[in-house]
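The values are calculated or read from the model by the stated rules, or taken from the named source; none is laboratory data. All values derive from a computational prediction rather than experimental measurement. Glycine gets a Cβ as well: all are built from the backbone with ideal geometry, and neighbour counts include every protein chain shown. Ligands, DNA and RNA are excluded from the accessible area calculation, which covers all protein heavy atoms including side chains. Shrake-Rupley method; radii C 1.70, N 1.55, O 1.52, S 1.80 Å.
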Amino acid sequence: MAKTIIELKNADLTLGEAAASVHVLKGVSLAINSGESVGIVGPSGSGKSTLLMVMAGLERLDGGEIIIADTALHRLGEDAVADFRGRNIGIVFQSFHLIPNMTALENVAVPLELANVGNAFDIARKELIAVGLGERLTHYPGQLSGGEQQRVAIARALAPSPKLLIADEPTGNLDAETGRQITDLLFAEQRERGMTLVLVTHDAALAGRCERQVRVRSGEIVSDAERLSASTRQGAVSA
């Protein structure tokens, strides 16, 4: 039986204050299994990115529960959540968020050093080679293409060997071909490492690569569907 790695129970969150407040998540409940790939989709302002940030421990709930890898994040203080996130969750953003005055190698290694990992630069080198940047270790972000910068960001997210990889519009700033290459890389790494992958995207092709698609509208989950396998689709057509 598959083990649940993410569980949201009646997750509720309002952002802003007074007249400017927005009820972003409205009693959301969701369970995601270890090793699963899940695409969160929906219109702009639906709450999908906020839902992802709750899973990453970057937004705290007003009510309800968020449990990641048997750890109740809603019961932890900010420092404990940050420590848990550093050890268990890799995050890839649309805008890369690389440090401009650090090389690719340093961008990947520094978070490991801050977590007191002894062989940080060896791990960083290995991860950059794994994402196809073995010849770009000493290049700065400004010397790299958008696709290469996103590969650095992916290497940084993978370096701590997280149980969960979270990606917020990972191909949003890339052209179609580069976006396809980054998509292939994400799913290849997810399969090889047996990680759970949860991503938010407006890209139907990217979402279609996921085993499940969770559709969010107005702060609520309105559908949660597993992708049909090729054999299942063929059987349905034959019937």
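Label sites at Ala82 and Asp122, each approximated as a point 7 angstrom past Cα along Cα to Cβ, lie 2.8 nm apart. Here the chain has 49 percent of its accessible surface on carbon and sulfur atoms, given a 1.4 Å probe and all protein chains in place. What does the C-alpha gyration tensor say about the overall shape of the chain? Classify as rounded when a/c is under 1.5, otherwise prolate if a/b is larger than b/c, or oblate. Judged from the Cα gyration tensor, the chain comes out oblate (a/c at least 1.5, b/c at or above a/b).
Under 10 Å, Cα contacts only: if you run a Gaussian network model on the chain, which one of Pro111, Pro100, Pro160 comes out with the highest mean-square fluctuation? For the chain, modelled as a Gaussian network with Cα springs under 10 Å, the answer is Pro100. In the elastic network of the chain, a GNM with C-alpha springs shorter than 10 Å, the most mobile of Gly35, Gly132, Gly90 is Gly132. Summing charges over neighbours of Thr201, with a neighbour being any other residue whose Cβ is under 10 Å away from its Cβ, gives -1 when K and R count +1 and D and E count -1. Mean-square fluctuations from a GNM of the chain, with a 10 angstrom spring cutoff on Cα atoms, peak among Met53, Met195, Met102 at Met102. Charge tally around Ala56: other residues with Cβ under 10 Å, Lys/Arg +1 each, Asp/Glu -1 each, net -1. Accessible surface computed residue by residue for segment 88-130, with neighbouring protein chains in place and a 1.4 Å probe, gives 51 Å² per residue.
Solvent-accessible surface (1.4 Å probe) assigned to Asp70 amounts to roughly 110 Å². Electrostatic bookkeeping for Ser29 treats Lys and Arg as +1 and Asp and Glu as -1; over the other residues with beta carbon under 12 Å from its beta carbon, the sum is -3. For the chain, DSSP calls about 55 percent of its internal beta bridges antiparallel.
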